[in-house]
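Chemist: The structure under discussion is supplied below as structure tokens; questions concerning it will follow.
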């Protein structure tokens, strides 16, 4: 018995009772929040699909969404035909949303837009254009092979860096088939272009497609962060920004179709 004959329950018993009352409410809040967010995403996907249909392109919403990692199921997919160029586009946007509609980007999130001209294929070989940061040294510089352990380490590091670049920007399938060595870097006489892009190619026929009009187009597009891979899977352009609206995808398709036309003109 406590003071004045009142019973003072143990602290642990009081907290236990409190938690037993709170956790159902917390669980309900989580479930309700899940369905609210899911409903918001479904509404967004229906709106995108309707806008895409008006622009005569197909749209497939992500089959699932995972906050920490992503798979092919997380991609927004578009497809269409622009000026006779058949294409597909994949968009990944991982970001946190707040109630006022603003989007706060997570710097650790992976966001991108990949546009591929599916019928513009390279019969042999691969061509990679790496977008180089302006005013910074080239990402994988050429170096003379002096032999020895240091040279072997440098070569392996360059190979891994190229593989990682292709994997992050163009997907695991393209990276798995990537076979161009760091030593197969092409140096063009155009110094302005060389400051914008690093070029790797294992077939001379592909590198000769980088004519003056093509280089001019790429130099103008450099600020957008575009990178390029051309192989047997098609011609793919990669942007780090997620262009999620059909209007933005249509703009990508216009840019890509223009580039396809320029690449079809041999030097």
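Readers should treat all values here as calculations from the given coordinates under stated rules, not as data from a laboratory. Here the structure is a predicted model, which means the values were calculated and not measured. FYI the Cβ positions are ideal-geometry reconstructions off the backbone, even for glycines, and counts take in every protein chain you see.
Chemist: How far apart, in nanometres, would the label points at residue 212 and residue 86 be if each is projected 7 angstrom from Cα along the Cα-to-Cβ direction?
Modeler: Result for the modelled spin labels: 3.5 nm.
Chemist: Still on this structure: Where does each of 83, 238 land when they are ranked from fewest to most other beta-carbon atoms within 10 angstrom?
Modeler: 83, 238
Chemist: Based on the Cα coordinates of segment 196-267, what is the per residue volume of their convex hull in Å³?
Modeler: So the per-residue hull volume is 97 Å³.
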